[in-house]
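Down below is the structure, laid out as structure tokens.
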Amino acid sequence: MDPTSPGAYNNRGYAWRKLGQYDSAVNDYSKSIQLDPNNIKTYNNRGYSYAKMGDYTSAIRDYTSVIEMDPTNTHAHHNRGISFDKNGNFQAAITDFTKVLEHDSTNANAYFNRGSTHDSIGAYDKAIADYSKALDLDKASGANSKNGGNGGHASKAQLAARRSAYMQSQQQLQHRR
């Protein structure tokens, strides 16, 4: 009814996203941004859609736009960190996850994802520390939640911590030889 409404394009983009039609979502989000280039929510939504399509470079660009408009947006830092990790830019990912934790030290997901990135680069001590913190936070939130905490990351954190410990022990054994 109103082809100049950025909100209408954003809403339809969200509907496309929920249907898994990420190309269509990106098209509508792009039109919304064209009409309202300062809408942080739309950049976040489009970045998420790009990431779901595997286009992490475009996702990083959108999350960066959000961070330029709102440097304290932990959601954008977290999602950009995931996209950096997927793109193989591990140090940038660690920086973004750390930024999230500076604003929210109880974010189990950020600890888990930073631990995973540390794991990817062989920083096993740091990975174990982050996985352990994610596990502790998950257990603490599970005690206060009907659904068991932060989406089951505790079991993922336990497995990842065990894997990191194993990798570290194997590395130490090889070094001794």
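The values are calculated or read from the model by the stated rules, or taken from the named source; none is laboratory data. These numbers were taken from a predicted model, which means no experiment stands behind them. Here the Cβ positions follow ideal geometry from the backbone for every residue, glycine too, while neighbour counts run over all protein chains shown.
Can you tell me which residue among N79, N89, N150, N113 is surrounded by 16 or more Cβ atoms within 10 Å (Cβ to Cβ), outside the structural domain of S65 (by TED's automatic domain parsing) and at pLDDT 95 or above?
N113
So which of Y9, Y43 ends up being more than 17 Å from the chain's Cα centre (by Cα), buried (at least 21 other Cβ atoms within 10 Å of the Cβ) and hydroxyl-bearing (S, T, Y)?
So the residue among Y9, Y43 that is more than 17 Å from the chain's Cα centre (by Cα), buried (at least 21 other Cβ atoms within 10 Å of the Cβ) and hydroxyl-bearing (S, T, Y) is Y9.
Would you please list the contacts, defined by Cβ atoms under 7 Å and residues six or more apart or on different chains, that run from a residue in segment 42-62 that is farther than 12 Å from K86 by Cα to a residue that is surrounded by 24 or more Cβ atoms within 10 Å (Cβ to Cβ) and among the acidic types (D, E)?
Y43/D62; R46/D62; G47/D62; Y50/D62
Go through segment 31-77 and count every residue that is in a helix (DSSP H, G or I) and out of contact with any helix residue (DSSP H, G or I) (no Cβ under 6 Å at 6 or more places or on another chain).
8
Does S105 meet the test of being under 20 Å from the mean Cα position of the chain (by Cα), in a loop (DSSP other than H, G, I, E, B) and closer than 25 Å to L137 by Cα?
The answer is yes for S105.
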